[in-house]
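Following: one structure in structure tokens, then a few remarks.
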């Protein structure tokens, strides 16, 4: 596991801005497969006072490029296919939950400025047994076999984002105040074995605790997206042990006083066997915002 010293500025200049900071992480349904061309006008433009740092994703063991990114105004194109070299962002024709999540937060908190750090890679697991080589694993200790892993690249993303003290480019030092975590992952663990799926609660709890610790706030609100199934396999279910992972996600939300779960995913339509359609991603972000606001207001 890569250890990174992360500094969050709590003593910004008086003339700088305070930003509510949210981390968005997971696998492909957090990455986002909605089509930009199908967005409503309200979500089709750059958002005022909302900035995002999306870490470049790489497969486990890659020495260069993982976590590269830069702060920019939130706009469509941060879905699958997005890439960054740390100097320029290469926007895709897809989007994820970040757009409607940020939009609805701004409706609730119009005077607040929002910062998003996103790192999500399709096909990634938490359990190393479920890991596929082309995707990677979030288990922090998997580096004993594989080298750098997805948790390391999350830390690199966080470190790279936090090194920038003026995220909106106005020449003044800003303050990033950790406010919450959005997590959407579990499909890969649900596709492996029964034993892997039965371990998901323990792995999810540990990972969320580690992400909270990396943001220096042990009771940081967490909203988990509940995995669902398109039932489009020839044999029926796509995720063989999906119910076990769903149970683990429900258990986590029920046993952590600062956690909540989004359940509307069960009603979404799919653009392929694994990913929601555009309308699903728009609602997904709205539901994330609704649950996060409830935790923040509690």
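No other residue among 138, 134 is buried (at least 24 other Cβ atoms within 10 Å of the Cβ) and either under 30 Å from residue 197 (Cβ atoms) or free of Cβ contacts under 8 Å to residues at least 40 places away in the same chain (or both) apart from 138. Restricting segment 168-198 to residues that are part of a loop (DSSP other than H, G, I, E, B) and in contact with a helix residue (DSSP H, G or I) (Cβ under 8 Å, 6 or more places away or on another chain), the residue that is surrounded by the most Cβ atoms within 10 Å (Cβ to Cβ) is 186. Tell me, please, whether a residue that is free of Cβ contacts under 8 Å to residues at least 60 places away in the same chain, at positive phi and in contact with a strand residue (DSSP E or B) (Cβ under 8 Å, 6 or more places away or on another chain) can be found in segment 104-123. No - not one qualifying residue is present in segment 104-123.
The residue of segment 57-73 that is nearest to residue 17 (Cα to Cα), among those that are touching a helix residue (DSSP H, G or I) at 6+ places or on another chain (Cβ under 8 Å) and crowded, with 18+ Cβ neighbours inside 10 Å, is 71.
Checking the stated criteria, residue 251 turns out to be surrounded by fewer than 16 Cβ atoms within 10 Å (Cβ to Cβ), out of contact with any strand residue (DSSP E or B) (no Cβ under 9 Å at 6 or more places or on another chain) and either without any contact (Cβ under 8 Å) to a residue 24 or more places away in the chain or outside any loop (DSSP other than H, G, I, E, B) (or both). Filter segment 31-42 down to the residues that are in a helix (DSSP H, G or I) and touching a strand residue (DSSP E or B) at 6+ places or on another chain (Cβ under 8 Å), then identify the one that is surrounded by the most Cβ atoms within 10 Å (Cβ to Cβ). By that ranking, first place goes to 31. Residues in segment 199-226 that are assigned to a helix (DSSP H, G or I) and touching a residue at least 40 places away in the same chain (Cβ under 8 Å): 200, 201, 203, 204, 205, 207, 208, 210, 211, 214. Among the residues of segment 100-120, are any crowded, with 20+ Cβ neighbours inside 10 Å, assigned to a loop (DSSP other than H, G, I, E, B) and at pLDDT 95 or above? So far as segment 100-120 goes, no, none of its residues is crowded, with 20+ Cβ neighbours inside 10 Å, assigned to a loop (DSSP other than H, G, I, E, B) and at pLDDT 95 or above.
Looking across segment 273-286, the residues that are at pLDDT 95 or above and either outside any helix (DSSP H, G or I) or more than 15 Å from residue 228 (Cα to Cα) (or both) come down to 274, 275, 276, 277, 278, 279, 282, 285, 286.
For segment 227-241, the condition holds for at least one residue, the condition being that it is outside any helix (DSSP H, G or I), under 19 Å from the mean Cα position of the chain (by Cα) and crowded, with 22+ Cβ neighbours inside 10 Å.
The values are calculated or read from the model by the stated rules, or taken from the named source; none is laboratory data. Only a predicted model underlies this, so the values are computations on that prediction, with no experimental measurement involved. Note: ideal-geometry Cβ built from the backbone for every residue, glycine included; neighbour counts use all protein chains shown.
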